[in-house]
Amino acid sequence: MEQNAAMTRLPLKIFLFIVLNDLLDTAAQLLMKKGIPHVFNYTHHDAFLFWTGLIIYLSNFFLWMYILSKTDLSIALPLASAGYILIPIAAIFFLHEFVSPLRFLGMVLIIIGICFVSQSKINLDSRLRGNDISLRKKT
């Protein structure tokens, strides 16, 4: 039982990879957005931004596959939802986009949702270690 409890905890290395995944995704999205108007005009310097963003985005896919091979999807995906917060904030600073107060409220709700999901996994793990046999996996 202790071995299963240890396996459900998220190692720091995987957590840092998820953060890196969010940051790379944010950078890729910004670069592709900035370069998309000039994507097929190879003489324009912004076309390079699009192709760089696409390469980062594709490499990020392999990082995500590694993350999924090391942890549960139900843990990784909510943490990766931080991109829904990072991208609009980065778009304000780098693309000079307007983000309405309603979108900021949505971002706050996403943060709250991430906290709820991460806590629900912790609560479930503690119940599995306890006496509540109705939640234990059948072996």
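Would you pick out the residues in the range 62-92 that are among the hydroxyl-bearing types (S, T, Y) and under 19 Å from A27 (Cα atoms)? Explain how you work it out, then say what you get.
We begin by selecting, within the range 62-92, every residue among the hydroxyl-bearing types (S, T, Y); these are 66, 69, 71, 74, 81, 84.
Hits for the range 62-92 are S81, Y84.
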Original post:
Condition test on L24, is it within 13 Å of the chain's Cα centre (by Cα) and touching a residue at least 24 places away in the same chain (Cβ under 8 Å)?
Top reply: yes
Subject >> Selection within the range 53-104 - touching a residue at least 24 places away in the same chain (Cβ under 8 Å), of a type outside the set (D, E) and in a loop (DSSP other than H, G, I, E, B) >> reply: T71, S81, A82, L95
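Output the residues belonging to the range 32-52 that are over 24 Å from D22 (Cβ atoms) and assigned to a helix (DSSP H, G or I).
Step one: of the range 32-52, the residues over 24 Å from D22 (Cβ atoms) are 37-47.
Passing the criteria: P37, H38, H45, D46, A47.
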Subject >> Among the residues listed as L58, L12, L16, the single one being on the phi < 0 side of the Ramachandran plot, under 23 Å from the mean Cα position of the chain (by Cα), exposed (fewer than 12 other Cβ atoms within 10 Å of the Cβ) and at pLDDT 95 or above >> reply: L58
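The values are calculated or read from the model by the stated rules, or taken from the named source; none is laboratory data. These numbers come from a predicted model, not from an experiment. Here the Cβ is made from the backbone with ideal geometry for all residues, glycine too, and neighbour counts use every protein chain on show.
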